[in-house]
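Undergrad: Have a look at this one before I ask anything.
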């Protein structure tokens with residue numbers, strides 16, 4: 001048994017030596033290579049295994065701060081990372097299995113995520129670590145757009161001029177607004193505090209307001225040019 005072990009070790013050493021020798025005299029074999037500038041300042045490190053466990057090529061700024069890493073994790077997952085001058089990650093990319101993710105910005109704060117998750121392409125915008133907008137295609141090719149946090153979506157006619165507006169106010173009430181060719185609001189529809197409301201305006205203020213409450217009570221309000229209610233019609237909810 002001992003002889004077999006010694007023989008196995010000798011064969012392994014022989015194979016390793018043969019592989020290293022086959023690389024030629026101009027090949028350097030080392031667990032880590034430090035690269036310095038003309039002043040002797042460390043600017044890059046090529047490591048077979050760095051302090052994070054990565055096989056990596058790391059770049060450093062003149063102040064010694066880590067500015068970029070290209071490498072792979074122990075399981076072979078490729079990693080790309082660029083930092084700002086304060087050491088915060090500003091761009092990161094990784095491929096994990098079939099999923100690819102590129103994060104632009106601070107991963108813990110405001111950022112843009114572009115990737116392929118679960119076989120579906122995704123673009124996400126995040127603020128304070130929470131995704132506020134996500135555009136995606138499912139595996140069947142159906143698109144979806146999710147907006148969170150008092151979102152507003154405007155469709156423009158002429159450059160910079162709203163034609164249709166969709167929004168959700170801080171209370172969670174949704175609104176749809178329609179604008180004329182001059183950009184003046186003409187129609188506003190929404191659900192406010194349990195009441196469905198439609199406002200028809202003259203471009204300056206509402207002139208006709210239709211509403212239906214939770215209990216089915218319908219109303220029609222007429223307003224003058226000053227915005228004063230001049231007549232209110234109420235439907236009999238019992239009929």
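Undergrad: Please work out if residue 200 is under 30 Å from residue 125 (Cα atoms), touching a strand residue (DSSP E or B) at 6+ places or on another chain (Cβ under 7 Å), without any contact (Cβ under 8 Å) to a residue 40 or more places away in the chain and assigned to a strand (DSSP E or B). I'd like the intermediate steps shown before the answer.
TA: Details: under 30 Å from residue 125 (Cα atoms): no; touching a strand residue (DSSP E or B) at 6+ places or on another chain (Cβ under 7 Å): yes; without any contact (Cβ under 8 Å) to a residue 40 or more places away in the chain: yes; assigned to a strand (DSSP E or B): yes.
Taking the combined requirement at face value, the residue does not satisfy it.
Undergrad: Restricting attention to the stretch 136-147, which residues are modelled with pLDDT under 90 and closer than 20 Å to residue 101 by Cβ?
TA: Those that are modelled with pLDDT under 90 and closer than 20 Å to residue 101 by Cβ: 138, 139.
Undergrad: On to the next question. Tell me, which strands (runs of 3 or more DSSP E) wholly within the stretch 32-126 include 1 or more residues that are without any contact (Cβ under 8 Å) to a residue 24 or more places away in the chain, in contact with a strand residue (DSSP E or B) (Cβ under 9 Å, 6 or more places away or on another chain) and within 30 Å of residue 138 (Cα to Cα)? Walk me through how you get there before you give the answer.
TA: Numbers: elements: 32-36, 42-47, 55-60, 66-72, 78-83, 89-96, 99-105, 111-117.
Here the list reads 66-72, 78-83, 89-96, 99-105, 111-117.
Undergrad: Among the residues of the stretch 128-149, count how many are assigned to a strand (DSSP E or B) and either over 11 Å from the mean Cα position of the chain (by Cα) or surrounded by 14 or more Cβ atoms within 10 Å (Cβ to Cβ) (or both). It would help to see each step written out before you state the result.
TA: Taking the stretch 128-149 as the starting set, the residues that turn out to be assigned to a strand (DSSP E or B) are 130-137, 143-147.
Those still in the list that are either over 11 Å from the mean Cα position of the chain (by Cα) or surrounded by 14 or more Cβ atoms within 10 Å (Cβ to Cβ) (or both) too: 131-137, 143-147.
Total meeting the criteria: 12.
Undergrad: Are there any pairs, at least 6 apart or on different chains, whose C-beta atoms fall under 8 Å, with the first in the stretch 141-152 and closer than 12 Å to residue 121 by Cβ and the second in a strand (DSSP E or B) and modelled with pLDDT of 90 or more, and if so, which?
TA: 143/135; 143/136; 143/137; 144/134; 144/135; 144/136; 144/137
Undergrad: Then there's this: Let me confirm something: among 194, 172, 165, 160, which residue is over 25 Å from residue 216 (Cα atoms) and modelled with pLDDT under 90? Even if it seems obvious, please write down each step before you answer.
TA: Working: 194 fails: over 25 Å from residue 216 (Cα atoms); 172 fails: over 25 Å from residue 216 (Cα atoms); 165 fails: modelled with pLDDT under 90.
None of the other options fit; the residue is 160.
The values are calculated or read from the model by the stated rules, or taken from the named source; none is laboratory data. As the structure is a computational prediction, the values presented were derived from the model and not from experiment. Every residue, glycine as well, gets a Cβ built from its backbone with ideal geometry; the counts of neighbours run over all protein chains shown.
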